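The values are calculated or read from the model by the stated rules, or taken from the named source; none is laboratory data. Keep in mind it's a predicted model, so treat the numbers as computed, not measured. So basically every Cβ, Gly included, is an ideal-geometry build from the backbone, and we count neighbours across all protein chains shown. Heads up: the accessible areas ignore ligands, DNA and RNA and are worked out on the full protein's heavy atoms, side chains in. Shrake-Rupley method; radii C 1.70, N 1.55, O 1.52, S 1.80 Å.
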Amino acid sequence: MQKRFLSLSGYGVARSANKRIAIVALAITALLILAVTTAWFTGRGEHDQSTGAPSPSSSSSPSEAVPEPAGGSGSVLKPPPISEPVAFAKAAAAMLWSYDTRDTQRDQQLAGMGAWMTKETKYADWASVSGQVPDPLLWSRMADQNQHATGTVTEGHYPGAFKQALAEDPSAITEAYIYVVTVNGRQQIEWEKGGGAEERAVTLAVQCRPSHDCRLAAIAPSVTQ
C-alpha cells in the first residue's frame, strides 16, 4: 500500500531561474564553476526523493513576499545565532525536514520558514523555500491525520566544485558572502496510523556575512555532492 505521508523536503520545482543565476553568480564568479552552479539553481522539473509524494502548490512566485510571523510560527524551529555556513546549513536542513500539523497551521509554517531567510531581497529566493510547503488543502488533510516529522542531520559539506572555485578565487565570495552547502540526514515521519523514515539530502545557498548570523538564501532544485 502506498505510504500516506508528505515530505516538506522532497520538492525541488525550479522557480525564479534568473534570480538563482544571480545568487550563484555572486557567490561564485569563477568561470570554471559558473556552468555547474547555474545547473544547480536553474534546473527545470521536479526533483522528488520521496516515493509517491504529491506535487507542491504552484502558487509561489518569485515576487512573493516573505511572510511576517504575525500569528506566530507554531512549532517551526527558530534560526540559531550561527555565523559558520556549514553549521547553519545543517540547522536549516533540520528545520526544513521538520513540521507538525497538529499544532502548526500552514501560514505559521511559512512564517517560521521565512524567519530563516536573508533580509537582503536581492539575494533571497523565497519561492524555492516556500515551494516546499504543500497547498492549503493538502496541509489540512495532513492535519486530519496528525502528520508530523522530525529531521536529523548526519553531515554537511561544501560541494567539491564550490571548494574548487573558492580555491581559485578566494575573493569571489566577498560580494554577497553566499556559500553553497550540501546536507545529508534522515526524516522520521509519523501520522495517526503509522510512520516511516527516509534518507534526505539538500543543497542550500546560505548567506553568512562577517560579524552577522547566517541566513538562508535559496534551496537548489537538485542535490550536488
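Restricted to the range 171-189, and to residues that are over 18 Å from the mean Cα position of the chain (by Cα) and closer than 18 Å to Ala205 by Cβ, which residue is surrounded by the most Cβ atoms within 10 Å (Cβ to Cβ)?
Ala176
Conditions: (1) assigned to a loop (DSSP other than H, G, I, E, B); (2) modelled with pLDDT of 95 or more; (3) over 16 Å from the mean Cα position of the chain (by Cα). Pro80 meets all but one. Number of the miss?
Single failed check for Pro80: (3).
Does at least one position in the range 89-100 carry a residue that is among the polar types (S, T, N, Q) and open to solvent by less than 10 Å² (accessible area, probe 1.4 Å)?
Taking every residue of the range 89-100 in turn, none turns out to be among the polar types (S, T, N, Q) and open to solvent by less than 10 Å² (accessible area, probe 1.4 Å).
Return a yes/no flag: does the range 150-173 have any residue that is of a type in the set (Ser, Thr, Tyr) and either in contact with a helix residue (DSSP H, G or I) (Cβ under 6 Å, 6 or more places away or on another chain) or without any contact (Cβ under 8 Å) to a residue 24 or more places away in the chain (or both).
Scanning the range 150-173, I find at least one residue that is of a type in the set (Ser, Thr, Tyr) and either in contact with a helix residue (DSSP H, G or I) (Cβ under 6 Å, 6 or more places away or on another chain) or without any contact (Cβ under 8 Å) to a residue 24 or more places away in the chain (or both), so the answer is yes.
Can you name the residue in the range 112-126 that is at pLDDT 95 or above and among the hydrophobic types (A, V, I, L, M, F, W, C) and is also farthest from Ala89 (Cα to Cα) among such residues?
Trp126
Just a yes or no: is a residue in the range 156-165 open to solvent by 30 Å² or more (accessible area, probe 1.4 Å), at pLDDT below 95 and of a type in the set (S, T, N, Q)?
Checking the range 156-165: at least one residue is open to solvent by 30 Å² or more (accessible area, probe 1.4 Å), at pLDDT below 95 and of a type in the set (S, T, N, Q).
Which fully enclosed strands (runs of 3 or more DSSP E) of the range 164-222 have 1 or more residues being more than 19 Å from Pro85 (Cα to Cα)?
Correct list: 178-191, 194-207.
Restricting the range 113-149 to residues that are closer than 12 Å to Ala218 by Cα, free of Cβ contacts under 8 Å to residues at least 60 places away in the same chain and open to solvent by less than 40 Å² (accessible area, probe 1.4 Å), which is farthest from the chain's Cα centre (by Cα)?
Gly114
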